[in-house]
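Written below as structure tokens is the structure these notes are about.
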Number of protein chains: 2
Amino acid sequence: MKPVVMAGAGMIPFERRDDDTLIDMLAEAGLRAMDDAGLGDQPVDAVYVGNMASGLFNHQVSVASALVDKLSLYPAAAERIENGPASGGSAIKHGYQAIASGMADVVLVVGGEKMREVIGPRATDVVACMAQPEAEYIYGVSLPALAGMFARLYMKAYGITPEHLAQVAIKNHANGLLNPYAHIRARVTLEGILTHPDSKVGNPIVADPLRLYDCCPVSDGAAAVLLTTPEIAKKLSAKPAITVAGIGQATDTHALHERADPTDLKAVTIAAQKAFEMAGCKPADVDVAELHDAFTILEIAESEHAGFFKKGEGAKALAAGETQIGGKLPINPSGGLKARGHPVGATGVAQAVELVWQLRGEAGERQVKNAQTGFSLNFGGFGNNVVALVLRREK
Amino acid sequence: MKPVVMAGAGMIPFERRDDDTLIDMLAEAGLRAMDDAGLGDQPVDAVYVGNMASGLFNHQVSVASALVDKLSLYPAAAERIENGPASGGSAIKHGYQAIASGMADVVLVVGGEKMREVIGPRATDVVACMAQPEAEYIYGVSLPALAGMFARLYMKAYGITPEHLAQVAIKNHANGLLNPYAHIRARVTLEGILTHPDSKVGNPIVADPLRLYDCCPVSDGAAAVLLTTPEIAKKLSAKPAITVAGIGQATDTHALHERADPTDLKAVTIAAQKAFEMAGCKPADVDVAELHDAFTILEIAESEHAGFFKKGEGAKALAAGETQIGGKLPINPSGGLKARGHPVGATGVAQAVELVWQLRGEAGERQVKNAQTGFSLNFGGFGNNVVALVLRREK
């Protein structure tokens, strides 16, 4: 296969962005990635937008065409790529395929979601549209509810405590404090999370055993990467191009209850295995990972299913500080979905942006030393469609 | 580039399908394509769904993952590909890219839309969500309105009369009568269309100068093709595999009024040129074409912009019978969007299905004799994102 690199990466701060339209956000992130790559007058052949629900959130469809127009990139090909919360990872995969197939030389991949146009429970409802309609959605199941049931089973099976969950939030919020793009930039402590004395909101149960501080916020945001061939990247800029070394993807049953063992995230395991196989490396080779901690329990479960720790060992590694910056395998130095935020379609691309920065040594205060191989996991639905990436800085 | 073929094709009748969910429809079309290809136990690596607005029409997202589940195709990769009314053509392109890149050997591409879950003007509103939000949508512009303005300018520029428009409808409804998958199967005559004495509805103006019989119906439907390598296709079945010889795509300004000449469908011209260039042939080599006649004027305008006729000659060729089955270049033997229907995301795939059947000689009463090269044009937005395909039966 033709090698493909990420020549540019950029994002806008994740936050509540009432003054921007979705297209404004996509355009700004896209411009930053093109600028970062030193694109100049090199034409963009295709623009892929990872976005879950522009129709329901923003009453707009065909947003990729709209983005081409906003950026005056005609006649670039354009599509929106939708795979629920893994839309960003999927859009990168399609960018890779466009170049590796020979159909494009330069592809701009932008992930973005403007969720805060709909209010409160309506946002939870839009997200719940990814649940199985006849077996889950109609009974009022939401994503937090699925995560709560999963957490209960997983914690029981592997002896995970609420303190372990809190440690994911503490670590990721500590990392988020170092990330100027993060939505929630607050220092939290174990005592604070468990009792939350400083807040009038407290830390109420969202879906037992998950509490507020176990759930990612609802954010607006966009992130972008510019994919091209190594030859073109070299001409554009002296920055080290980051190779898309491995891509893996797998699906699983739509309804959670149909899985023989609901604690087994099969699609995570298979997607990670495929990505490592394509990259010709193994989990132990990874220097930095961005996992999909939409709920704290997921970071622990994914760290095991992706092959970094044995089942039941993920929480122990976390408690031992192995997944902190400076630890053996830093997970979510960006702050993850928990602190950076989770504008759904943006997340998979934001993970890649963080990895590009880490692998180039541009991550500032949250830099993981000497990171050469990065891994990201973008988790769609409730684990029914997962995309894993291995990125590598070539020596 | 690695050659890619369509080894199977299938669709379900387009109609109002109250008893099926969108996923039911996608699944049935998908099964027909897999069955047609003789897939057996050969695994499917990826499933791409062309769909515009499952969120707004059906309150459901991540429908590609849902389809994998319905068909038990785990762990196949899955994405929804959205490009407005050109979502189907775009999904085929992404299937091509998956195989040509070496990332997949077998890709199931299904296009589908269940539009009739929302009623009357609400359906028009959902479709209008593809218009420019700040310059068009907020002022109440709908797709029929854009088409009406375009028709007025185009008719004036090239001396096209309401009778010419009616002849598109007459031809396509005559073809649709021969297509068991067509939604509207009624014989219409020039007298009938112009005065419509048989109907209580009559033929009222929708968007002057376009009348009811100039507009496609609102339909539910799905269509599918199975893409693979020529080697695998040969193993699966003795049917002639149809080569995806050319794919072209182009974008244009989002707002119609920003085009220097609003009658110039630049994206159609560029997309067709690119598809012919990749296929190494020219418009004169095409034996059968499926064009995107969402409005009658579009069939005429596209037949010129795609290179089959000079500007101003398309209506004359139509009037002379050249675009009928048996004519020099049969256009829309399926009945087109006008008679077959236009379940938005299904259309680009349904065009390809018709071409596969035509090129294999399986089109029954509407067969174009000795068709070897087929062309389709899938028109997104109001011509702001267009996908053209050239399909070929190898000798």
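Being among the charged types (D, E, K, R) and over 22 Å from A:Leu265 (Cβ atoms) is true of A:Lys395.
Among what's in segment B:120-143 and is of a type outside the set (Asp, Glu), surrounded by 19 or more Cβ atoms within 10 Å (Cβ to Cβ) and touching a residue at least 40 places away in the same chain (Cβ under 8 Å), pick the residue that is nearest to B:Ile297 (Cα to Cα). Within segment B:120-143, the match that is nearest to B:Ile297 (Cα to Cα) is B:Leu143.
Every residue, every condition in (1) under 12 Å from the mean Cα position of the chain (by Cα); (2) farther than 21 Å from B:Leu177 by Cα; (3) in contact (Cβ under 8 Å) with a residue 24 or more places away in the chain, yes or no:
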| position | (1), (2), (3) |
| --- | --- |
| B:Glu290 | yes, no, yes |
| B:Thr347 | yes, no, yes |
| B:Val353 | yes, no, yes |
| B:Arg360 | no, no, yes |
| B:Phe375 | yes, yes, yes |
| B:Asn384 | no, yes, yes |
| B:Lys395 | no, yes, no |
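Note on segment B:257-267: among residues that are away from chain A (no Cβ under 11 Å) and either in contact with a His (Cβ under 9 Å, 6 or more places away or on another chain) or within 13 Å of B:Ser303 (Cα to Cα) (or both), the one that is surrounded by the fewest Cβ atoms within 10 Å (Cβ to Cβ) is B:Asp264. Within segment A:160-211, being among the acidic types (Asp, Glu) and either under 30 Å from A:Arg32 (Cα atoms) or modelled with pLDDT of 90 or more (or both) holds for A:Glu163, A:Asp208. Do we find a residue being within 14 Å of another protein chain (Cβ to nearest Cβ), touching a residue at least 24 places away in the same chain (Cβ under 8 Å) and buried (at least 16 other Cβ atoms within 10 Å of the Cβ) anywhere in segment B:211-231? Taking every residue of segment B:211-231 in turn, at least one turns out to be within 14 Å of another protein chain (Cβ to nearest Cβ), touching a residue at least 24 places away in the same chain (Cβ under 8 Å) and buried (at least 16 other Cβ atoms within 10 Å of the Cβ). Residue count for segment A:83-110, restricted to those that are in a strand (DSSP E or B) and touching a Ser or Thr at 6+ places or on another chain (Cβ under 7 Å): 3. For the condition more than 14 Å from every other protein chain (Cβ to nearest Cβ), outside any loop (DSSP other than H, G, I, E, B), out of contact with any Cys (no Cβ under 8 Å at 6 or more places or on another chain) and of a type in the set (A, V, I, L, M, F, W, C), A:Val244 does not qualify.
Has segment A:312-320 got at least one residue that is over 17 Å from the mean Cα position of the chain (by Cα) and of a type in the set (Asp, Glu)?
Step one: list which residues in segment A:312-320 are over 17 Å from the mean Cα position of the chain (by Cα), which gives A:312-320.
Still in the list and also of a type in the set (Asp, Glu): A:313.
Yes - at least one qualifying residue is present in segment A:312-320.
Scanning segment B:95-140 for residues that are within 9 Å of chain A (Cβ to nearest Cβ) and closer than 30 Å to A:Ser101 by Cα returns B:Tyr96, B:Gln97, B:Ala98, B:Ile99, B:Ala100, B:Ser101, B:Gly102, B:Met103, B:Ala104, B:Met130. Scan segment A:368-395 for residues that are out of contact with any helix residue (DSSP H, G or I) (no Cβ under 7 Å at 6 or more places or on another chain) and either part of a loop (DSSP other than H, G, I, E, B) or surrounded by fewer than 21 Cβ atoms within 10 Å (Cβ to Cβ) (or both) and jot them down. Within segment A:368-395, A:Lys369, A:Asn370, A:Glu394, A:Lys395 qualify. Against the list (1) crowded, with 17+ Cβ neighbours inside 10 Å; (2) more than 20 Å from the chain's Cα centre (by Cα); (3) not basic (Lys, Arg), the condition B:Ile270 fails is (2).
Of all residues in segment B:2-25, those satisfying the criterion of being in contact with a Ser or Thr (Cβ under 8 Å, 6 or more places away or on another chain) and surrounded by fewer than 24 Cβ atoms within 10 Å (Cβ to Cβ) are B:Lys2, B:Pro3, B:Glu15, B:Arg16.
Among the residues of segment B:67-78, those that are more than 8 Å from chain A (Cβ to nearest Cβ) and assigned to a loop (DSSP other than H, G, I, E, B) comprise B:Leu71, B:Ser72.
Counting the residues of segment A:297-321 that are acidic (Asp, Glu) and in contact with a strand residue (DSSP E or B) (Cβ under 9 Å, 6 or more places away or on another chain) gives 2.
Within segment A:48-66, restricting attention to residues that are at the interface with another protein chain (Cβ under 8 Å from one of its Cβ atoms) and over 17 Å from B:Gln132 (Cα atoms), the residue that is surrounded by the fewest Cβ atoms within 10 Å (Cβ to Cβ) is A:Ala53. Test B:Gly84 against the stated conditions and say whether it is buried (at least 22 other Cβ atoms within 10 Å of the Cβ), at pLDDT 95 or above and more than 9 Å from every other protein chain (Cβ to nearest Cβ). So B:Gly84 fails the test.
Looking at segment B:48-59, can you tell me whether even one residue there is outside any helix (DSSP H, G or I) and on the phi > 0 side of the Ramachandran plot? Among the residues of segment B:48-59, at least one is outside any helix (DSSP H, G or I) and on the phi > 0 side of the Ramachandran plot, which makes the answer yes.
Considered as a group, the residues in segment A:26-47 that are more than 18 Å from A:Ala66 (Cβ to Cβ) and of a type in the set (A, V, I, L, M) include one that is surrounded by the most Cβ atoms within 10 Å (Cβ to Cβ), and that residue is A:Ala37. Take A:Thr253 and decide whether it is assigned to a loop (DSSP other than H, G, I, E, B), modelled with pLDDT of 95 or more, out of contact with any Cys (no Cβ under 7 Å at 6 or more places or on another chain) and not hydrophobic (A, V, I, L, M, F, W, C). For A:Thr253, the condition - assigned to a loop (DSSP other than H, G, I, E, B), modelled with pLDDT of 95 or more, out of contact with any Cys (no Cβ under 7 Å at 6 or more places or on another chain) and not hydrophobic (A, V, I, L, M, F, W, C) - is met. In segment B:149-173, how many residues are in contact (Cβ under 8 Å) with a residue 24 or more places away in the chain and either within 17 Å of B:Glu302 (Cβ to Cβ) or among the aliphatic types (A, V, I, L, M) (or both)? Qualifying residue count, segment B:149-173: 17.
Within segment B:8-25, can you find the residues that are of a type outside the set (Gly, Ala, Ser), out of contact with any His (no Cβ under 9 Å at 6 or more places or on another chain) and away from every other protein chain (no Cβ under 13 Å)? Result: B:Met11, B:Ile12, B:Arg17, B:Asp18, B:Asp19, B:Met25. Within segment A:179-198, residues that are surrounded by 12 or more Cβ atoms within 10 Å (Cβ to Cβ) sit with their Cβ atoms under 9 Å from residues that are modelled with pLDDT of 85 or more and β-branched (Val, Ile, Thr), at 6+ positions apart or across chains, in these pairs: A:Tyr181/A:Ile12; A:Tyr181/A:Val353; A:Val188/A:Ile170; A:Thr189/A:Ile170; A:Leu190/A:Ile170; A:Gly192/A:Ile170; A:Ile193/A:Ile170; A:His196/A:Val188.
The values are calculated or read from the model by the stated rules, or taken from the named source; none is laboratory data. Everything numeric in this text was worked out from a predicted model, so none of it was measured. Ideal geometry is used to build each Cβ from the backbone, glycine not excepted, and the neighbour counts take in all protein chains shown.
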